[in-house]
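Enquirer: Questions regarding the structure given below will be posed in turn.
The values are calculated or read from the model by the stated rules, or taken from the named source; none is laboratory data. From a predicted model like this one, the values you see are computed outputs, not experimental measurements. Note that each Cβ is placed from the backbone with ideal geometry, even for glycine, and that neighbours are counted across all protein chains shown.
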Amino acid sequence: MQITLHYSPIACSLVPYVALTEAGADFEVKVVNFLKGEHMSPDYLQLNPKHKVPVLVLDGEPLTENVAILQWIARQYAGAQLLPRGKDEFRAISLMSWCASGIHPTLTPNVLPQRYCDMPGSEDAVKACAHKIMHENFTIAENLLGDREWFFDHFTIPDIYFYWCFRRAKQFKLDVSSYKSCNAHFDRVSQRSSVEKLLAFETEALSSIAPG
Ligand SMILES: N[C@@H](CCC(=O)N[C@@H](CS)C(=O)NCC(=O)O)C(=O)O
């Protein structure tokens, strides 16, 4: 099967990149340059009219939305055990859905506050509202993680997804220092060889699309 991941550095397409790497999948990556508006090009809009990454193209057929893409990866590479089994599988889908629809939407206002309110001068207020919900979410994650190494009894995709959310919050300079379990989890995920590979790839991709 021909697998192509449409990916943009820093963005949430990091999650399927790491999941595919953990699975040992053979996949190709197409870097989407947001700065050049490649996600708005007619070709890209054919793949994903929602103009977002990630898109996973499977033998020419695009699949969008992280929650679907990540479940496809977990099922296709079942041997990698990227989702827990039994009732925990549904708790894992619940966690991924929370990352996608509960946490991710509070991250975007940090870069695009005008998408949420176009009143001049409202940017800081929009960000402050988002920060309040981010803190609420990280408090929930802190309690879920507690002394645990991972969200479930072994490393699974929700660990990657939450890692990406927490990384974005750190990049936005939200003060996350009090979330000890989240920070310890972040450090553990950072040390995975799949994440090291992603970070090296991201650095390369960033320099390939740097203006000038
Ligand atoms: N619901 C989508 C959200 C994807 C998403 O928001 N991706 C962002 C990057 S993190 C994007 O491509 N933004 C470009 C845009 O909105 O134009 C998913 O979970 O896959």
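Enquirer: What about L35, is it modelled with pLDDT of 95 or more and either more than 15 Å from S194 (Cα to Cα) or not basic (K, R) (or both)? Spell out the reasoning first.
Expert: Details: modelled with pLDDT of 95 or more: no; either more than 15 Å from S194 (Cα to Cα) or not basic (K, R) (or both): yes.
So L35 does not fit the description; no.
Enquirer: Is at least one residue of segment 86-108 modelled with pLDDT under 95 and either within 22 Å of L14 (Cα to Cα) or aliphatic (A, V, I, L, M) (or both)?
Expert: yes
Enquirer: What number of residues within segment 146-164 satisfy the criterion of being part of a helix (DSSP H, G or I) and either surrounded by fewer than 20 Cβ atoms within 10 Å (Cβ to Cβ) or aromatic (F, W, Y) (or both)?
Expert: Matching residues across segment 146-164 total 4.
Enquirer: Could you list all residues from segment 77-87 that are surrounded by 16 or more Cβ atoms within 10 Å (Cβ to Cβ) and farther than 13 Å from Y161 by Cβ? Outline the logic, then answer.
Expert: Here is the first cut: in segment 77-87, the ones surrounded by 16 or more Cβ atoms within 10 Å (Cβ to Cβ) are 77, 80, 82-84.
Correct list: Y77, A80, P84.
Enquirer: Going through segment 17-56 one residue at a time, which ones are without any contact (Cβ under 8 Å) to a residue 60 or more places away in the chain, surrounded by 13 or more Cβ atoms within 10 Å (Cβ to Cβ) and of a type in the set (D, E)?
Expert: Of the residues in segment 17-56, the ones without any contact (Cβ under 8 Å) to a residue 60 or more places away in the chain are 20, 23-28, 30, 32, 34, 37-56.
Keeping just the survivors that are surrounded by 13 or more Cβ atoms within 10 Å (Cβ to Cβ) gives 20, 23, 25, 27, 30, 32, 34, 38-39, 41, 44, 47-48, 51-56.
Scanning segment 17-56 gives a single hit, E38.
Enquirer: Criterion first (β-branched (V, I, T), in a helix (DSSP H, G or I), away from the ligand (no atom under 15 Å from the Cβ) and under 19 Å from the mean Cα position of the chain (by Cα)) does I133 satisfy it?
Expert: yes
Enquirer: For segment 23-116, give me every one of the strands (runs of 3 or more DSSP E) that falls completely inside it and has 3 or more residues that are within 17 Å of the chain's Cα centre (by Cα) and not assigned by TED's automatic domain parsing to the domain that holds F138. Explain how you work it out, then say what you get.
Expert: On the way: elements: 28-31, 55-58, 61-64.
Those strands (runs of 3 or more DSSP E) span 28-31.
Enquirer: What number of residues in segment 57-68 are within 22 Å of F90 (Cβ to Cβ) and either more than 12 Å from the ligand (Cβ to nearest atom) or surrounded by 23 or more Cβ atoms within 10 Å (Cβ to Cβ) (or both)?
Expert: 1
Enquirer: Name, by its number, the condition in (1) of a type in the set (K, R); (2) surrounded by 13 or more Cβ atoms within 10 Å (Cβ to Cβ); (3) part of a loop (DSSP other than H, G, I, E, B) that does not hold for R167.
Expert: The one condition R167 does not meet is (3).
Enquirer: Could you figure out which of (1) free of Cβ contacts under 8 Å to residues at least 24 places away in the same chain; (2) in the same structural domain as K132 (by TED's automatic domain parsing) isn't true of E204?
Expert: (2)
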